[in-house]
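Worksheet: one structure, shown below.
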Amino acid sequence: MLPGMAVKARIAIVGAGNLGAALAVSLRDAGLVVDTLVAHSRQSLWKARKVARGIAARATVDPVQIKAEWIWLCMPDSEIARAAAELAEQLSWKGRVALHSSGALTSDILNPLRRRGAAVASVHPLMTFVRNSLPSLTGVPFAIEGDPIAVRVARRIVGNLGGKPFSIQKKDKAAYHAWGMFASPLLAALLATTEEVATIAGIGRKTGRERVMPILRQTLENYASVGAPDAFTGPIIRGDVDTVRRHLRVLKGAPAVYEVYIALARAALEYLPAKNKSALKRVLASGRR
């Protein structure tokens, strides 16, 4: 029998940032018992208390108050090792399950807890969490690896959340996280670059963001329904060398934008259909000189 299966297991969330707060609410909405939110400092305790009030949980900065059988660490990657080492000394871990939500780090970062008797796993939702946002976790993939007992617990939790658990090997986690980086943070960076190009075209950032939304939405819909090659349009797929050359000329005064354009155009020539590839490669190469 898994830990906590005889009765409804309690969950403690360590870290009350964007992910921890959203996860706590989603877990409670899914019928799971979140009894404690542990803030990393007294400065962040106010946020933990606000979330805790909404889900009938306790907020604290003292991990010793944790009574839960399942403990989920939701904090930046750089803080997990330190937190695991400290928690190993502060709590009894025999029979408990410890999870963390890093996309890049493996379950081995929780070895201090494993050595004290905990079953450990990494459980990463492929979703973005920002301030004052509670994204639905229904249908969200969760990459899971770790000890068998902890993996079974994690799969149970993800199933209750309506997510889609899948197994990942430790050796693949860094690449998996880089994949997620392209899907959201670097996409946001591209959108910020898009706003900069709007200013070059004489359009303000806010107006540019509003006017670009229809084409962005349609591009994502096309990508979802037919994939990247069939969603790809524009001068590169047509092999329009002169248009690409004009783009480079007008963007040369904004070096960061210029480099992004060249990098993405080269990626398009590598992975997507295009005419006049040799000529386009020469134009891009000359732009790098």
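For this structure, a couple of remarks:
- Region 59-76: number of residues that are in contact with a His (Cβ under 9 Å, 6 or more places away or on another chain) and of a type outside the set (Val, Ile, Thr): 4
- Hits in region 98-128 (condition: assigned to a strand (DSSP E or B) and out of contact with any Asp or Glu (no Cβ under 7 Å at 6 or more places or on another chain)): Ala98, Leu99, His100, Val123, His124, Pro125
- Any hit, region 228-235, residues being assigned to a helix (DSSP H, G or I), touching a Pro at 6+ places or on another chain (Cβ under 9 Å) and not charged (D, E, K, R): yes
- Single condition Asn111 does not satisfy, out of (1) surrounded by fewer than 21 Cβ atoms within 10 Å (Cβ to Cβ); (2) over 15 Å from Gly146 (Cβ atoms); (3) not basic (Lys, Arg): (2)
- Against the criterion of being under 19 Å from Asp29 (Cα atoms), in contact (Cβ under 8 Å) with a residue 12 or more places away in the chain, hydrophobic (A, V, I, L, M, F, W, C) and in a strand (DSSP E or B), Phe142 qualifies.
- Test: Ala84 is over 25 Å from the mean Cα position of the chain (by Cα) and outside any loop (DSSP other than H, G, I, E, B): no
- Candidate set from region 57-81 (those that are in contact with a helix residue (DSSP H, G or I) (Cβ under 8 Å, 6 or more places away or on another chain) and assigned to a loop (DSSP other than H, G, I, E, B)); member that is surrounded by the most Cβ atoms within 10 Å (Cβ to Cβ): Cys74
- Cβ-Cβ under 7 Å pairs, at least 6 apart or on other chains, region 55-75 side more than 14 Å from Ala21 (Cβ to Cβ) and in the same structural domain as Ala21 (by TED's automatic domain parsing), far side basic (Lys, Arg) and part of a loop (DSSP other than H, G, I, E, B): Val61/Arg42; Glu69/Arg96; Ile71/Arg96
- Note on region 146-174: residues that are surrounded by fewer than 22 Cβ atoms within 10 Å (Cβ to Cβ) and not in a helix (DSSP H, G or I) amount to 8.
The values are calculated or read from the model by the stated rules, or taken from the named source; none is laboratory data. Remember, predicted model here, so these are calculated numbers, not experimental data. Glycine also receives a Cβ, built like all others from the backbone with ideal geometry; neighbour counts cover every protein chain displayed.
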